[in-house]
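Note sheet for the following structure.
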Amino acid sequence: MTETQTGLKPTETMQPNGTKAAVAPIPPKQDDTIVLHRRTIDSLLIAAGVLVTAVLVVAGALLTWGNNFAEDYVSDELTAQQIFFADDIGDERPDLADFAGQQVTTGPQAEAYASYIDGHLADTADGLTYAQLGGPAREAQAAVTEAQDSGADEATIADLQATADELQSQRDTLFKGETLRGLLLSTFAWSTIGRIAGIAAIVAFVAAGVMFLLVMAGVVHRWRVAKSTKTA
């Protein structure tokens, strides 16, 4: 109904007692939509690209340092040990013929020499390790002591002592060989880690270069958008 039909204005209402009362106007509905301009988006993307580029450059620098440190450390330590492959090692181990006469100064050479040592250790005590030979060596020495205490003849004691000495000599050889082999393999592991760090450094620098190009493309695009906006 209109105002002429009820006698009321649109901002008035009729109370139960017949009086008119004012009604507060309904405020217009607010628009909560957030508007992002293209220049703002470009600026955010450019800032993110600059940050990622910086992180990649720093990561590449640190990885390069790690690579250089590992290579220098491995080379210095191995060189100081003065380890050389025999000139005729190919006759004994054809798979190591390429290393004949070389000094061990790199990770791959260290791994190869560790393989050479392992072959000798396998022939030292019928394939037993230093730890496995401990029991037989102690038993052999105990047999010598028991023979001496029981008054056995000198020939028997001498034979038992020779067996004990042989086992102990084999155990000493295994200890030295396994220790050197372990050190060489550890050196090879550090060399491998350094090589991986070098590859990762290259990837990081390449990614940083690509990201830098994207940032520059974003800067150019933002400048063009700003120029077209002013022209419009």
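Readers should treat all values here as calculations from the given coordinates under stated rules, not as data from a laboratory. These numbers come from a predicted model, not from an experiment. Backbone-built Cβ (ideal geometry, glycine too); neighbour counts: all protein chains shown.
Some points to look at:
- Unique residue being part of a helix (DSSP H, G or I) and closer than 23 Å to Ile117 by Cβ when the list is Phe205, Phe212, Phe188: Phe188
- Hey, Gln109 within 27 Å of the chain's Cα centre (by Cα) and not hydroxyl-bearing (Ser, Thr, Tyr) or not: yes
- Test: residue in region 101-117 that is out of contact with any strand residue (DSSP E or B) (no Cβ under 9 Å at 6 or more places or on another chain), loosely packed, with under 13 Cβ neighbours inside 10 Å, without any contact (Cβ under 8 Å) to a residue 60 or more places away in the chain and of a type outside the set (Phe, Trp, Tyr): no
- Condition check for Leu160: under 30 Å from Arg93 (Cβ atoms), more than 31 Å from the chain's Cα centre (by Cα) and crowded, with 17+ Cβ neighbours inside 10 Å: no
- Contacts under 8 angstrom Cβ, first residue in region 43-55 being closer than 15 Å to Trp223 by Cβ, partner surrounded by 15 or more Cβ atoms within 10 Å (Cβ to Cβ) and basic (Lys, Arg), 6 or more apart: Ser43/Arg222; Ile46/Arg222
- Cβ-Cβ under 8 Å pairs, at least 6 apart or on other chains, region 69-87 side within 21 Å of Ala201 (Cβ to Cβ), far side aromatic (Phe, Trp, Tyr): Ala70/Trp190; Tyr73/Trp190; Val74/Trp190
- Hey, Ala147 part of a loop (DSSP other than H, G, I, E, B), surrounded by 14 or more Cβ atoms within 10 Å (Cβ to Cβ) and aliphatic (A, V, I, L, M) or not: no
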